[in-house]
Amino acid sequence: MRPNPDLLPAPASGIAIKTEIVVIGAGQAGLSSAYHLRKRGLEPGRGFIVLDQSPQAGGAWQFRWPSLTLSTVNRIHDLPGLSFADTIDTAETQVEAAVAVPRYFAAYEQAFDLRVYRPVKVVAVCERAGRLRVETDRGNFSARGIINATGTWETPFIPDYPGRDRFRGRQLHTRDYRTADEFAGQHVVIVGAGISAIQLLNEISGVTSTTWVTRREPVFRDGSFTEEDGRAAVAMVEERVRHGLPPNSVVSVTGLRNTPAIEAMRARGVLKRLPMFAEITKDGVRWADGAFQRADVILWCTGFRSSLDHLAPLMLREPSGGITMTGRLATQVLKDPRVHLVGYGPSASTIGANRAGSAAAAELMGWLGLPEAAPH
């Protein structure tokens, strides 16, 4: 059942639709949270409402570059209650992830009647007479609690290096990337040591010359990534957010796994990493020792920050810039227990988002004193 957009308040009406819980965002973490609210007996509408600013189902996946296919994506984790393989033919490995995952998410929303309202952009969340007022470009909502699952895609991070404004070439972030062919005949400096940086370095180096720079020496590890490794990495990130520190990414803790693709890159000399340059000039980059590399493009694969500006009126941040988290899986905000953040800190990975959605739904309903009922 699709939501009726006519049920949304008029932007200038001043009327706020009341519900118990508003879920902001319908990516992996948001859909998992909505599923568990529904499973615990809350009905869409009066019980909870899901808002998503994207034009269609799929979360950030719908914006990924075309060459990211089912054969090249790191992994797509199942949402609770419905597996990816039961919805999408995984044998078609060349299907774009930006096509397959939105199909899966759309089928998931329909299967569990989650009634996501989109496109609805949340502008601010404020305190109003003991409730939370969720202000959007489609009108306002009033809730007793919120589960925020806005992810990071809307907040790309580019470090401020000297001379960045002087560069006459192109500067792009990972989220701007579409295809390697557009860089043919140009020299591309790729900055970053995460999975996306390696994938794009592999593609772009196949069509043109590249220079790879990272702030720290990348750590490559042999063998598979075990569940124990995952738990240890998540625990380190969780420790930070429980102390109010800005979270590090899980990948920064785990390192990069050696794969056949990485071995092939190493064999053709692509993985010659250089330390970060000291400044950017009008036509390239220069290191502290005076070494210079001419460049046409700088591609910043430098990650994202959590998209939380709409929560600023609640004053949740600590002087460190982080948010102190509590709860079983560190999804509950200590300063305001009515607010849960999923897809933040230890739950930023897709597998962590599922567990966080379950914990957030249970803990928030318990905090608000909402009784569980037999789901329909």
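The values are calculated or read from the model by the stated rules, or taken from the named source; none is laboratory data. These numbers were taken from a predicted model, which means no experiment stands behind them. Note that we place each Cβ from the backbone using ideal geometry, even for glycine, and neighbour counts take in every protein chain shown.
Below are the figures for this structure:
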{"read-out": "Residue match in region 104-117 (condition: assigned to a strand (DSSP E or B), farther than 24 Å from A197 by Cβ and at pLDDT 95 or above)", "value": "yes"}
{"read-out": "Out of L329, L299, sole residue that is more than 17 Å from the chain's Cα centre (by Cα), at pLDDT below 95 and crowded, with 18+ Cβ neighbours inside 10 Å", "value": "L329"}
{"read-out": "Residues that are under 27 Å from A330 (Cβ atoms), in contact with a Lys or Arg (Cβ under 7 Å, 6 or more places away or on another chain) and among the charged types (D, E, K, R), drawn from region 104-153", "value": "R131, R144"}
{"read-out": "Members of region 174-193 found to be in a loop (DSSP other than H, G, I, E, B) and either buried (at least 18 other Cβ atoms within 10 Å of the Cβ) or hydroxyl-bearing (S, T, Y) (or both), listed by number", "value": "Y177, T179, G192, A193"}
{"read-out": "Scope region 24-50; condition touching a strand residue (DSSP E or B) at 6+ places or on another chain (Cβ under 6 Å), in a loop (DSSP other than H, G, I, E, B) and crowded, with 24+ Cβ neighbours inside 10 Å; matching residues", "value": "A26"}
{"read-out": "Residues satisfying the stated conditions in region 279-292, i.e. surrounded by fewer than 17 Cβ atoms within 10 Å (Cβ to Cβ) and either over 25 Å from R178 (Cα atoms) or out of contact with any helix residue (DSSP H, G or I) (no Cβ under 6 Å at 6 or more places or on another chain) (or both)", "value": "E279, D283, R286, W287, A288, D289, G290, A291, F292"}
{"read-out": "Test for L200: is it touching a Cys at 6+ places or on another chain (Cβ under 7 Å), crowded, with 20+ Cβ neighbours inside 10 Å and not in a loop (DSSP other than H, G, I, E, B)", "value": "yes"}
{"read-out": "Selection status of G269, among the small types (G, A, S) and under 18 Å from V237 (Cβ atoms)", "value": "no"}
{"read-out": "Pairs with Cβ under 6 Å, 6+ apart, first in region 62-78 and at pLDDT 85 or above and part of a loop (DSSP other than H, G, I, E, B), second crowded, with 18+ Cβ neighbours inside 10 Å and among the aromatic types (F, W, Y)", "value": "W65/Y177; D78/F84"}
